[in-house]
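Note sheet for the following structure.
The values are calculated or read from the model by the stated rules, or taken from the named source; none is laboratory data. All values reported here derive from a predicted model rather than from experimental measurement. Positions of Cβ are backbone-derived with ideal geometry, glycine not excepted, and every protein chain shown enters the neighbour counts. Just so you know, the surface numbers come from the protein's heavy atoms only, side chains and all, with ligands and any DNA or RNA stripped out. Shrake-Rupley method; radii C 1.70, N 1.55, O 1.52, S 1.80 Å.
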Amino acid sequence: MRRALLLIMLFSLGACQKQTSSNCSPQDHSLSAKFNFKVGTVAEPFQLQANSPYLELVISQFNALSPENVMKANAIHPQEGVFDWYPSDQLVDFANDQNMRMHGHTLIWHQQLPEWISNFEGTKEEWRQVLKIHIQTIVARYKGRVAAWDVVNEAFTEDGNLRNSVWFQHLGAAYLRLAFEYAHEADPDALLFYNDYNLAQNPLKRNAAIRFCSDLKKAGVPIHGIGCQFHVSIDFPSHREMDACMRAVCEADFLLHISELDIALNPLSRSMPVPSEEDLQKQANLYYWIFKNYRRLPEAYQYGITLWGIGDADSWIPYFFNRDDYPLLFDENYQAKAAYCKLIEDL
Ligand code: XIL
């Protein structure tokens, strides 16, 4: 009798578990539909064409889109006077057709620069022209179709100083102000963002970036928001640090974009051929915590949260850092992970 009862209990537990996993099938849910703010992802045009599970998830789960690489200078402006529009046009058309908010990433950065810019020799005035033409040609082409731009990406170093990028070397700190002004001239309706990483775990860098943006804003420079990338991990930064970062941006009166969210399981680069259940659960809890806390911020500052990829196999982290990792909401077969289920079921 007892045994039978136990069997019934185990059976119903199994049924419950089954129920739970089918309760969060992405076919029946939309992540973005759960929130008043936009939930975005990055996408690459070739994936949208060649990979139907990827395409389905982009369309069903998200209502905003950022390009992962195709709008970076080396891709879109490979030679002086030569712009390669095809891939970014495809992405912008796709986002517009799907009614997704298109977020441009990124106009001015020290990485993924074409050689002609890295090696450009010219006077200060000529460098200013390079900056202006690069920004204004791109922003003008997508005027009214790209809602917002990461105008400057990663301008600060960990010690809170401005990075010694080619832009800084040739134009000094003024390149930031110029970049925002040029972008605004080309599309006065676009929202303009400063975007950076480690703003949660490094208060020195965070304070420097926010102070710099606030000073620009006070001087009348059109800068509307700050993107905190949030390439975080299950071990760090702490909740307190992430919360401080979110609040600091809002308190400084900037829109807050969590702009490149992923949660690494393996920041110390151990061998990890498969993720453990325990780590996946920690990851789920942290995704949940980030979305929940973001939702509690004053609504006027909630520009949105953008995930930096769809399935774990698409993530930049294993390639870029040469390690095993599983940082996204869907696994390598585009099946929902615990993190996706927790967002759908518990929020
Ligand atoms: C990454 C892309 O995801 C990779 O495909 C590429 O090889 C390198 O850049 N901060 C940023 C993003 O602002 O543009 C970076 O994207 C990740 C870190």
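Rounded to the nearest 5, what is the percent of antiparallel bridges among the DSSP beta bridges in the chain?
In the chain, DSSP labels about 10 percent of beta bridges as antiparallel.
If amide H atoms are built 1.01 Å from N in the plane of the peptide, which residues on other chains or at least 5 residues away come under 5 Å of the amide H of PHE156?
Those qualifying (amide H under 5 Å, at least 5 residues apart or on another chain) are ARG163.
Quick check on the chain: helices-only [θ] at 222 nm, where DSSP H runs of length 4 and up contribute -39,500 (n - 2.57) each and the sum goes over total residues. Nearest 500, please. Don't skip to the answer; put the middle values down first.
Numbers: 14 runs with 157 residues, N = 347.
Calculated mean residue ellipticity at 222 nm is -14000 deg cm²/dmol.
Once phi is turned into ³J(HN,Hα) by the Karplus curve 6.51 cos²θ - 1.76 cosθ + 1.60 with θ = phi - 60°, what whole-Hz value does each residue of segment 99-105 show in order, with x for glycine and proline?
Running phi through 6.51 cos²θ - 1.76 cosθ + 1.60 with θ = phi - 60° gives 6, 9, 6, 8, 10, x, 9 Hz.
Looking at segment 135-193, which GluC sites (Glu not before Pro) are in a loop (DSSP not H, G, I, E or B) and have at most 15 other Cβ atoms within 10 Å? Kindly include the intermediate steps, with their values, before the conclusion.
Numbers: sites: GLU154, GLU158, GLU181, GLU185; in loops: GLU154, GLU158.
Qualifying residues, ordered by number: GLU158.
Just to confirm, what accessible area per residue do you get for the chain at 1.4 Å probe, in whole Å²? Don't jump to the answer; show the numbers that get you there.
Values: 15650 Å² over 347 residues.
Using a 1.4 Å probe on heavy atoms only, each residue of the chain averages 45 Å².
What residues have an amide H closer than 5 Å to that of ILE108, excluding those fewer than 5 places away on the same chain, when H is modeled at 1.01 Å from N in the peptide plane?
For ILE108, whose amide H was placed from the backbone, the distant partners under 5 Å are VAL152, ASN153.
In whole Hz, with x marking every Gly and Pro, tabulate ³J(HN,Hα) for segment 299-306 from phi via Karplus 6.51 cos²θ - 1.76 cosθ + 1.60, θ = phi - 60°.
Each residue of segment 299-306 in turn: 4, 4, 9, 7, 6, x, 10, 10 Hz.
When all alpha-carbon pairs of segment 152-235 are counted, what percent fall beyond 22 Å? Don't skip to the answer; put the middle values down first.
Values: 868 of 3486 pairs.
The calculated P(r) of segment 152-235 puts 25 percent of pairs beyond 22 Å.
Grab the chain and count how many Lys pairs have their alpha-carbon atoms under 19 Å apart, sequence gap of 8 or more, or different chains.
Summing the qualifying lysine pairs gives 17.
Could you give the C-alpha radius of gyration of segment 24-346 expressed as a fraction of 2.2 N^0.38 Å, taking N as the number of residues it contains? Mind dumping the intermediate values first?
Values: Rg = 19.0 Å, N = 323, 2.2 N^0.38 = 19.8 Å.
In units of the globular-protein estimate, segment 24-346 measures up at 0.96.
Please list, in chain and number order, the residues 5+ apart from GLY227 or on another chain whose amide H is under 5 Å from its amide H, with Hs placed from the backbone.
Residues meeting the criterion, in which the H sits 1.01 Å from N, are TYR194, ASN195, ASP196, HIS257.
Heavy atoms only, probe 1.4 Å: what % of the accessible area of segment 24-346 goes to carbon and sulfur, would you let me know?
Working: 6320 of 13240 Å².
Roughly 48 percent, rounded to a whole number.
Comparing PHE321, PHE212, PHE291, which has the greatest mean-square fluctuation in the GNM of the chain with Cα pairs linked when under 10 Å apart?
PHE321
Below 8 Å, C-alpha to C-alpha, sequence gap of six or more: please give me the relative contact order for the chain in percent.
Once normalised by length, the contact order is 16 percent.
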